[in-house]
1. For LEU95 and ASP63, calculate 0.36 nm times their separation in residues minus their Cα-Cα distance, and state this gained length in nm to one decimal.
2. For the charge dipole of the chain, defined by +1 on Lys and Arg C-beta atoms and -1 on Asp and Glu C-beta atoms about the Cα centroid, which residue among LEU5, ALA52, LEU25 has the Cα displaced farthest towards the positive pole?
3. At R0 = 30 Å, how high is the FRET efficiency between TRP156 and ALA70 if r is their beta carbon distance? Nearest 0.05 is fine.
4. Which one of LEU130, GLY153, THR107 has its Cα pushed farthest toward the positive end of the charge dipole of the chain, where Lys and Arg give +1 and Asp and Glu give -1 at the Cβ?
5. How large are Rg and Dmax for segment 79-193 when only the alpha carbon atoms are used, in Å?
6. How large is the direction-averaged shadow of the alpha-carbon convex hull of segment 78-133, in nm²?
7. Rounded to whole Hz and in sequence order, give me ³J(HN,Hα) for segment 24-31 from the Karplus expression 6.51 cos²θ - 1.76 cosθ + 1.60, θ = phi - 60°, writing x for Gly and Pro.
8. Could you derive backbone 3J(HN,Hα) for segment 153-160 from the dihedral phi with the Karplus parameters 6.51, -1.76 and 1.60 (θ = phi - 60°), listing whole Hz in sequence and x where the residue is Gly or Pro?
Amino acid sequence: MFSGLIAYRGTVCSLEKLGGGGARLSVRCEGAQQERPEPKDSIAIDGVCLTATAVDREVVTFDVIPETLARSTLGVRKAGELVNVEYALRVGDRLGGHLVYGHVDATAAVLARAPEGQGERMRVELPPALSRTIVLKGFIAIDGVSLKVAARGGDWFEVALIPETLARTTLGARATGSRVNLEIDPIARYATQ
């Protein structure tokens, strides 16, 4: 379980394609010395809950199965790219965002970006399968970042990004046309079933 409050970023070291359609992802993770991850720990990379299979100081390695590659942007990551890193919540941690499982529902394109006050407004494609679950003022996780839906149209939605989010997460560098991971609010997931 995660909060969607991104305290760390990481740098992709490698993405090795494996037989059978899977991959092995290695990421140099900020915060590894403080958080002390171990193999078997859950860590969200760009909002995708992964299990650490090896830890060598700051470099954490994950096996990524075909299902995860098909539902997320992890399969197109390249060495040197930045990713959002969130270590799993511990019992008693403050929950300042919203509950995020790390179970990506879809990927979507960034359609537009526009300055707004000190921050930015980002418009994102609304996948038809998620249309009932993405609502005005509802929660959404984009690349693992806990956000609120600020506006919504028939085939798009928008989020307002504050300066802290732009500086601390990879959302500040997601260009128009790039794809992001989406996870709907868990409450919306069960309320619409």
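What follows draws every value from the coordinates through simple rules; no lab data is involved. Since we're looking at a predicted model, the values are computed, not measured. Glycine also receives a Cβ, built like all others from the backbone with ideal geometry; neighbour counts cover every protein chain displayed.
1. Stretched out fully, the LEU95 to ASP63 stretch lengthens by 8.7 nm.
2. Of the candidates, LEU5 comes out farthest on the positive side.
3. So, using R0 = 30 Å, E works out to roughly 0.80.
4. Towards the positive end, the residue furthest out is GLY153.
5. Radius of gyration, then largest Cα-Cα span, for segment 79-193: 13.8, 40 Å.
6. Its average projected convex-hull area is 6.8 nm².
7. 10, 10, 10, 10, 7, 9, 4, x
8. Using θ = phi - 60°, the values come out as x, x, 10, 8, 9, 10, 10, 9 Hz.
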